[in-house]
Amino acid sequence: MNQDVREYVTEKVKELMNATTCCAEAKAVAQSWLDAVGTDQEAQKTKELIAEVEADIMPIDTLIAFAGSPAGAQVFGENAKEVQAHAQAVKDAGAKYCDCPACAACEAILAKKEELLG
């Protein structure tokens with residue numbers, strides 16, 4: 001992977017880790033990747049990072065359905081309808097994924113997947 005890609009992905013990995021919507025597992029994998037950059041473990045940790053962000057990124061249709069469900073109402077409370085409407089607007093604008101900070105960072109990382117896996 002070239003240095004520009006490494007720097008870009010490092011920035012996005014840090015954004016992912018700092019996102020309030022990032023789960024503990026993704027934070028741990030992200031930190032493990034950061035720790036491995038420049039070492040003989042980098043290639044393996046890159047594969048693990050890609051697998052984690054692919055598992056965690058929320059497709060916009062999934063978010064729309066979840067926000068409109070009883071479980072979504074429990075998570076989002078009185079904001080569930082607003083979350084659902086926002087997600088629909090995001091979809092209508094052409095997005096494939098949730099636009100929360102964690103998902104946005106995941107999408108940016110995945111945009112460099114081929115270069116990361118080289």
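The values are calculated or read from the model by the stated rules, or taken from the named source; none is laboratory data. These numbers come from a predicted model, not from an experiment. Ligands, DNA and RNA are stripped out before the accessible areas are found, and what is left, the full protein with its side chains, is counted by its heavy atoms. Shrake-Rupley method; radii C 1.70, N 1.55, O 1.52, S 1.80 Å.
Using the rule -39500 (n - 2.57) for each DSSP H run of four or more residues, divided by the residues of the chain, the 222 nm mean residue ellipticity is -22000 deg cm²/dmol.
Restricting to Cα pairs below 8 Å that are 6+ residues apart, what does the relative contact order work out to for the stretch 29-92? Please round to a whole percent. Each step should come with its number before you reach the end.
Values: 39 pairs, mean separation 16.5, N = 64.
Result for the stretch 29-92 is 26 percent.
Quick check for you: with a 1.4 Å probe and neighbouring chains kept, what is the accessible area per residue of the chain, in Å²? Kindly include the intermediate steps, with their values, before the conclusion.
Details: 6790 Å² over 118 residues.
Ligands and nucleic acids excluded, the result is 58 Å² per residue.
Over the chain, Cα pairs under 8 Å with separation of 6+ residues give a relative contact order of 38 percent.
When the chain is treated as a Gaussian network with alpha carbon springs shorter than 10 Å, the biggest mean-square fluctuation among ALA93, ALA67, ALA19 belongs to ALA93.
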